[in-house]
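I have placed the structure first, in the form of C-alpha cells, so that the comments after it can refer back to it.
We did not get these values from a lab; they are worked out from the coordinates using the rules stated. Just so it is clear, the model here is predicted, and its values are computed rather than measured. Reconstructed Cβ throughout: ideal geometry from the backbone, glycine too, with neighbour counts over all protein chains shown.
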Amino acid sequence: MLLRELTGGLDDSSSVPRPLTRDRVVEWLGDNGFSYFVDSEGDVGGLWHGWLFYFLMVGESSEVLQVRGQWHRDLTIERLEEILEICNEWNAERIWPKTYVRVRDNGAVLVYTEVTVDLEHGVTDDQLDQLLQCGLTTGSMFFEHLDETFPDPLRSAP
C-alpha cells in the first residue's frame, strides 16, 4: 500500500527490492546477450574481453553479491612487489574494484578484482544491473591498465 502511494499507483514490481538469486543473475546475463557458464559448484561465470569473471552469491543466506575477475595472464614471483604496488595504488585511488593477488605454490602470481555488495535487504532490477555492470566495467578497466603496464610479448612483432 505504501509503495502504491509513493509510486502514484504504479505497480512496477521491478522497482521493489527482491532477494539476490543466481537465477536473477543468469536472467540478467541472458537479457544482456552475454555468454556464460555454470560450473560444477553452481557458480556462474563468463569471459569478457578474454578475462574470466565470476558472479558469486556468498554469505549465510547468499545475500552478498561478488563480481570477481581474474586477469588472463599470470606473473612470475619476481614481479610480486611491482604488482602489489600497482594494486595498492589502484585501491588507494578508487573505490572499485578491490584488486589483489594470490601466489600459487609454483610461484605464479594471479591478479584479481572484486566488487562485493551486501544485499541482505534485497535489490531492485535496476540496482542489480548497475552492480553487475560496475563489477564488469571496473574490473575490465583495471585489467586494461595491467595489459598496458605488462604488454604481452607475443602480441608484438619480433
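Brief remarks follow.
- Among THR138, THR21, the ranking by other beta carbons within 10 Å of each residue's beta carbon, starting with the fewest, stands as THR21, THR138.
- Annotation: the stretch 19-151 has a Kirkwood hydrodynamic radius of 15.5 angstrom, from the mean reciprocal C-alpha pair distance.
- With the simple model of a label 7 Å out from the Cα in the direction of the Cβ, GLU41 to GLU82 spans 3.1 nm.
- The ranking of ASP147, ASP39 from fewest to most other beta carbons within 10 Å of each one's beta carbon is ASP39, ASP147.
- Dipole of the stretch 19-151, positive direction: furthest Cα of VAL101, PHE34, PHE150, with charges on the beta-carbon: PHE150
- Among THR124, THR149, the order by Cβ neighbours within 10 angstrom, fewest to most, reads THR149, THR124.
- Residues in the stretch 108-120 carry Karplus couplings, in order, of 5, 9, 9, 10, 10, 10, 8, 10, 10, 9, 7, 10, 3 Hz; the curve used is 6.51 cos²θ - 1.76 cosθ + 1.60 with θ = phi - 60°, and Gly or Pro positions show x.
- Each residue of the stretch 145-151 is assigned a 3J(HN,Hα), and the resulting list reads 4, 5, 4, 6, 6, 10, x Hz, derived from the Karplus form 6.51 cos²θ - 1.76 cosθ + 1.60 (θ = phi - 60°), x at Gly and Pro.
- Annotation for the stretch 52-103: GluC sites (Glu not before Pro) lying in DSSP loop with at most 10 further Cβ atoms inside 10 Å of their Cβ are GLU60.
- Length-normalised contact order of the stretch 19-151 in % [C-alpha pairs under 8 Å, at least 6 apart]: 24
- The charge dipole of the stretch 19-151, taken about its Cα centre with unit charges on the Cβ atoms of Lys, Arg (+1), Asp and Glu (-1) only, comes to about 220 debye.
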